[in-house]
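Asks: Dropping the structure in here first, questions after.
The values are calculated or read from the model by the stated rules, or taken from the named source; none is laboratory data. Just so it is clear, the structure is predicted and the values come from calculations on it, not from any experiment. Every residue, glycine among them, receives a Cβ derived from its backbone with ideal geometry; neighbour counts consider all protein chains shown.
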């Protein structure tokens, strides 16, 4: 008997979720029909065990999958078949032992595409047989009646019947904050730093947008989330990695004396201590710091492009290819939206801006990740005495504010920049009360690209 090799990352991802994920089990069980939804005999066999166990006990089979295999193997008379399934489960066990599985919603999207592909391929083979037998109209009718398997986005929810949809909607763990800060800033920004959220940083040029984006990425990695970081041409790869190294190693590029904030008074006065560095950062120290941060795991992927060369479709292709390898991004950082290549078929400048932000929002929903980017404010933002940035300080097209879940203003006066101080406010926020005038003061050491060590 020919043994099929299981190298498909998507198939392994879906099967692993059937072993471990209650939401995936619940949704797939409602669509499961004999002989199964996969195009593989072994996958359908394992899938039946998972669905059968879930329907009986209302929770995933987990490592009891081995018990199901042992029970089945004891009755089987085909030693080669038993050996094939055992080796398949052996590969699968490495996957369901992972501490960082992809989001359930992303897996459901993948499962929907996979199952529909299998169903269509089977229907086309059956239709071809009908055509070969002189029944073209029957073949056409057969193809027209292939049902679509809806599991992820766009799936029908029968709100009076589907309790799992309600359980998901009210599961607070699914709105887990991915990035954390010290002090007041944590509670201020935390509610928007969640999955399926598009968050933009708005500020005039040269006021630290890229510094903040990298700090957000660093904090996500430190919290054990996978981060995909795309530089769209603001800096080259060497410059990005130097900043990464300084932030991760907490060491400036050059020797010298630098100020570290110690606390912030109620009136916003920042107090500092001096820290002496006898030498600049070495590549060895930067690399060791990164290895320590990630604990040797593949948590951060960096891709740098020249200005106006990277577009949303290229980012999406990267994310899809990496997901097929089993690497799914929890956080996507795009530095930054204003210098992405124009979307196709958009002639008007403002239409290009609007479409770019729509597509960034789409990425957050399709990949169920937090998307972080930045945008420049308009010329009025440079005027003295403006206080904090507000909605009227947008550049390009105002609709970008509508597409984002939140736009955060970075307010940095020349004096603030010298002291490493930033005042952050919400320019827009989709959910939750906010006031444009309210801000949190953050102080850090920009020599190590850490914009917030203290906040008030």
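Asks: Have a look at 252, 261 and point out the one that is farther than 30 Å from residue 12 by Cα and touching a helix residue (DSSP H, G or I) at 6+ places or on another chain (Cβ under 8 Å).
Replies: Working: 261 fails: touching a helix residue (DSSP H, G or I) at 6+ places or on another chain (Cβ under 8 Å).
Among 252, 261, only 252 is farther than 30 Å from residue 12 by Cα and touching a helix residue (DSSP H, G or I) at 6+ places or on another chain (Cβ under 8 Å).
Asks: Something else about it: Mind checking which helices (runs of 4 or more DSSP H) fall wholly inside the stretch 125-233 and carry at least 3 residues that are in contact (Cβ under 8 Å) with a residue 12 or more places away in the chain, surrounded by 14 or more Cβ atoms within 10 Å (Cβ to Cβ) and in the same structural domain as residue 390 (by TED's automatic domain parsing)?
Replies: Working: elements: 136-144, 163-169, 184-189, 209-222.
Here the list reads 184-189, 209-222.
Asks: Out of 326, 296, I need the residue that is under 25 Å from residue 109 (Cβ atoms), assigned to a loop (DSSP other than H, G, I, E, B) and modelled with pLDDT under 95. Which one? Steps first, answer last, please.
Replies: Details: 296 fails: under 25 Å from residue 109 (Cβ atoms).
After applying the criteria, what remains is 326.
Asks: Considering every residue within the stretch 105-115, establish whether at least one is part of a loop (DSSP other than H, G, I, E, B), outside the structural domain of residue 227 (by TED's automatic domain parsing) and closer than 23 Å to residue 45 by Cβ.
Replies: There is no residue in the stretch 105-115 that is part of a loop (DSSP other than H, G, I, E, B), outside the structural domain of residue 227 (by TED's automatic domain parsing) and closer than 23 Å to residue 45 by Cβ.
Asks: For the stretch 347-456, please list each of the strands (runs of 3 or more DSSP E) lying entirely inside it that holds at least 1 residues being more than 13 Å from residue 200 (Cβ to Cβ) and assigned by TED's automatic domain parsing to the domain that holds residue 234.
Replies: Qualifying strands (runs of 3 or more DSSP E): 406-411, 421-429, 439-445, 450-455.
Asks: Residues of the stretch 275-312 being touching a helix residue (DSSP H, G or I) at 6+ places or on another chain (Cβ under 9 Å), over 15 Å from residue 249 (Cα atoms) and either touching a residue at least 40 places away in the same chain (Cβ under 8 Å) or in the same structural domain as residue 108 (by TED's automatic domain parsing) (or both), which ones?
Replies: 299, 300, 301, 302, 303, 304, 305, 307, 308, 310, 312
Asks: Also: If we scan the stretch 373-390, do we find a residue that is modelled with pLDDT of 95 or more, closer than 16 Å to residue 194 by Cα and touching a helix residue (DSSP H, G or I) at 6+ places or on another chain (Cβ under 6 Å)?
Replies: Yes, some residue in the stretch 373-390 is modelled with pLDDT of 95 or more, closer than 16 Å to residue 194 by Cα and touching a helix residue (DSSP H, G or I) at 6+ places or on another chain (Cβ under 6 Å).
Asks: So residue 117 passes all but one of these: (1) surrounded by fewer than 19 Cβ atoms within 10 Å (Cβ to Cβ); (2) within 29 Å of residue 434 (Cα to Cα). Which condition number does it fail?
Replies: Status for residue 117: all satisfied but (2).
Asks: Something else about it: Check off (1) modelled with pLDDT of 90 or more; (2) in contact with a helix residue (DSSP H, G or I) (Cβ under 9 Å, 6 or more places away or on another chain); (3) surrounded by fewer than 20 Cβ atoms within 10 Å (Cβ to Cβ) for residue 340 and give me the number that stays unchecked.
Replies: It is condition (3) that residue 340 fails.
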